[in-house]
């Protein structure tokens, strides 16, 4: 997709915001990794070998969700030739973060306490959930622009 062709259109700001979301997702992906390397997280990884542990799930889903958001936007920018196609591709391929993962991690932290490491990860996952919601809202708005509608005529 040639973003330069959308300069000075009503779609330009939405493309800029999508690029910002892509950057934020990449930064969140890195934050999950950094938090997972903190001593409390390393200790948990050594002590808990079951993959169903709520905090382990929080990390795994957080990394997967941030990577997926970044990747899906990137792929759509390179593969799609119209706004409608871009919106459709991203919308269909994105899988929203699971509220179950958030709830189970929250309950675990609330019950057993935390030294801050996993609270940080839980808050970061909450931010990921908000970023997905923002992405979905943005895609709806982008799809309704005059530019998207004019592309459909031609």
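The values are calculated or read from the model by the stated rules, or taken from the named source; none is laboratory data. None of these values were measured; they are calculated from a predicted model. A quick note on method: Cβ atoms are made from the backbone with ideal geometry, for glycine too, and the neighbour counts reach across all protein chains shown.
Data table
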| read-out | value |
| --- | --- |
| Answer residue from the range 1-11, given it is surrounded by fewer than 16 Cβ atoms within 10 Å (Cβ to Cβ) and part of a helix (DSSP H, G or I) and is modelled with the highest pLDDT among those | 5 |
| Candidates 143, 110, filtered to the one that is without any contact (Cβ under 8 Å) to a residue 60 or more places away in the chain and surrounded by fewer than 19 Cβ atoms within 10 Å (Cβ to Cβ) | 110 |
| Residue check for residue 149: more than 10 Å from the chain's Cα centre (by Cα), within 24 Å of residue 31 (Cα to Cα) and either in a helix (DSSP H, G or I) or at pLDDT 95 or above (or both) | no |
| Of the criteria (1) modelled with pLDDT of 95 or more; (2) surrounded by 19 or more Cβ atoms within 10 Å (Cβ to Cβ); (3) within 20 Å of residue 33 (Cα to Cα), which one residue 118 fails | (1) |
| Any hit, the range 28-41, residues being within 30 Å of residue 6 (Cβ to Cβ), free of Cβ contacts under 8 Å to residues at least 60 places away in the same chain and either touching a helix residue (DSSP H, G or I) at 6+ places or on another chain (Cβ under 6 Å) or in a helix (DSSP H, G or I) (or both) | yes |
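Results for (1) assigned to a helix (DSSP H, G or I); (2) modelled with pLDDT under 95; (3) surrounded by 13 or more Cβ atoms within 10 Å (Cβ to Cβ), shown as yes or no for each residue.
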{"site": "44", "(1), (2), (3)": "yes, yes, yes"}
{"site": "56", "(1), (2), (3)": "yes, yes, yes"}
{"site": "59", "(1), (2), (3)": "yes, yes, yes"}
{"site": "85", "(1), (2), (3)": "yes, no, yes"}
{"site": "97", "(1), (2), (3)": "no, no, yes"}
{"site": "101", "(1), (2), (3)": "yes, no, yes"}
